[in-house]
Structures are given as C-alpha cells and as structure tokens.
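*Asks:* Quick one: the structure is below, and I'll ask about it shortly.
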Protein chains: 2
Amino acid sequence: MSKQLPLAAMDACCSPLVRAPLTQEQAVELSRLFKAMADPVRLRLLSLIASHAGGEVCVCDLTDAFDLTGPTISHHLKVLRESGLITGERRGTWVYYRVHPEVLARLSAVLTPEGSEVETASSAK
Amino acid sequence: MSKQLPLAAMDACCSPLVRAPLTQEQAVELSRLFKAMADPVRLRLLSLIASHAGGEVCVCDLTDAFDLTGPTISHHLKVLRESGLITGERRGTWVYYRVHPEVLARLSAVLTPEGSEVETASSAK
C-alpha cells in the first residue's frame, strides 16, 4: 500500500519560473506598503476609499463610518498617505482621499499566481 | 485670484459607494494576512512560489534563491503557511509549496479600486 509517485513527478522536481519574481529591493519597498495595510482600521479606510465612485472619498464620509475619534482616523490616514497608498487633497471645506491605482495594481500583481495575470501598472498610464 | 470650485463639485461632496466596503470582521481577518506579507523575505518567498508554473514550487528551489539559513527560510514559510497564504505538502524527498489562489484573490480584490473589478474567488472553484 505504499504510495508511489509517478515517474514524471519525480523527474520534474522543480516547476519552471514563468515570470520574474520580486527582487530584494522590490520586496523591501512593497513590504512597507503591506505593513501600512496590516491594520484593520487602515484596511477598512482603504477599502472605503476604493469602494466609492471614482476611487475617491470625502474625509467626512470616512469619519462617519468609524466609532473612532477624528485624531485617530487622521493618524491612520496619515500612515496610508505617507506609504503612498493614498493621496489627500483639500478642496474647499473638506479633504478628499483617493487611492493610487498604480500602487494598488503593483500590490495586486504580487498576489496573482501565474496563469491569471493582471494588467500591469503601465497600462493605467 | 481665489480658486473657486465648480458648483457641481460643491454639491456632490460625497461620491456614492459603488460596492460594499470591508466589514470590521473581514478587516481583522485580512489584516492578519497582510501582516504575514509585511516582511521582505516572506514577500519574496510568496512571489517565488506564485511565479512558478502552476503556482507551486519545491522547497529546494526556495532555499537556493536566498542567502539565508534553512531554519530561517523554514520559519518564514511556517508564518506564511499558518496565515493560510500557502500550503505545504511532502511528496517523496521534498516539500512542495503552493499559493492559495482564493486567498490571494480576496486580498487582490481589496486592492482593486471600483471600475476595475477582478473576478471573485468563486469563479476559481
């Protein structure tokens, strides 16, 4: 009853690379972005921004959605902004936050196994 | 020379939600995954696995790619495995690691701004 692997599987120990994996420099840079996202509040903020029409939202809509103080929300928005995941722009009374589709596309590409390629960031130019 | 916003922009302070943002529970769960990815070595390991044909790779190919000791690589693979991002299966001499496309698709969806929807995980069933 011993399990025997088919010969083909034993020969083919190693499947070939079908695209270039991340370099160390890229990994260091991207890990900073993932670190910024590794927090439930920041993840919800990012999701809220990305879920609004045009990928943009007024800060007033963000603060209303959380049971947190304004300064706490502001702190998390600052971390997201400094990481480059979002931008903030004051227009009149409110600050409007917007996701960076190119940055998100890069992160998303890392998460996509071969065979289900996504568009590269350059196509969004 | 004061900048005046067009009336339309002033009226439409808040763009509508075009899809459901993450709930708090989903955000807590997903933030664990992003935390597992918020490390350059783990990110490169994940990228290497996802870059191989079939989204699977022999551990022998992973250790060769790094200037790190076996136990260090093993530790990082364990963190990835425990987070649910990858699975490991022993076949003969080697352990083969494989990405979880459904999990990666969920993370990828969080990163996709509205208007550029990706396929949902259920389509990979």
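*Asks:* Could you derive backbone 3J(HN,Hα) for the range A:77-88 from the dihedral phi with the Karplus parameters 6.51, -1.76 and 1.60 (θ = phi - 60°), listing whole Hz in sequence and x where the residue is Gly or Pro?
*Replies:* Along the range A:77-88, the couplings run 5, 5, 4, 5, 5, 5, 6, x, 6, 9, 10, x Hz.
*Asks:* Report the net charge of residues surrounding A:L43, where surrounding means a beta-carbon distance below 11 angstrom and charges are Lys +1, Arg +1, Asp -1, Glu -1.
*Replies:* Working: positive: A:R42, A:R44, B:R32, B:K35; negative: A:D39, B:E29.
My count for the surroundings of A:L43 gives +2.
*Asks:* Oh, and also: Using the Cβ atoms and a cut-off under 11 Å, what net charge is assigned to the surroundings of B:Q24, where Lys and Arg are +1 and Asp and Glu are -1?
*Replies:* Value of the local net charge: -2.
*Asks:* In whole Hz and in residue order, list the ³J(HN,Hα) couplings for the range A:90-101 that follow from phi through the Karplus curve 6.51 cos²θ - 1.76 cosθ + 1.60, θ = phi - 60°; x for Gly and Pro.
*Replies:* 7, 9, x, 6, 10, 9, 10, 9, 9, 7, 9, x
*Asks:* Collect residues whose amide H, placed 1.01 Å from N in the peptide plane, falls under 5 Å from the amide H of B:R19; neighbours closer than 5 in sequence don't count.
*Replies:* none
*Asks:* Here is a further query. Which ³J(HN,Hα) values in Hz, rounded to whole numbers, follow from the phi angles of the range A:32-40 under the Karplus curve 6.51 cos²θ - 1.76 cosθ + 1.60, where θ = phi - 60° and Gly and Pro get x?
*Replies:* My calculation for the range A:32-40 gives 4, 5, 5, 5, 4, 8, 7, 8, x Hz in order.
Every read-out reported here was derived from the displayed coordinates using simple, explicitly stated rules and does not represent laboratory data. For clarity, every value in this text was computed on a predicted model and none was experimentally measured. Neighbour counts run over all protein chains shown; Cβ positions are idealised from the backbone, glycine included.
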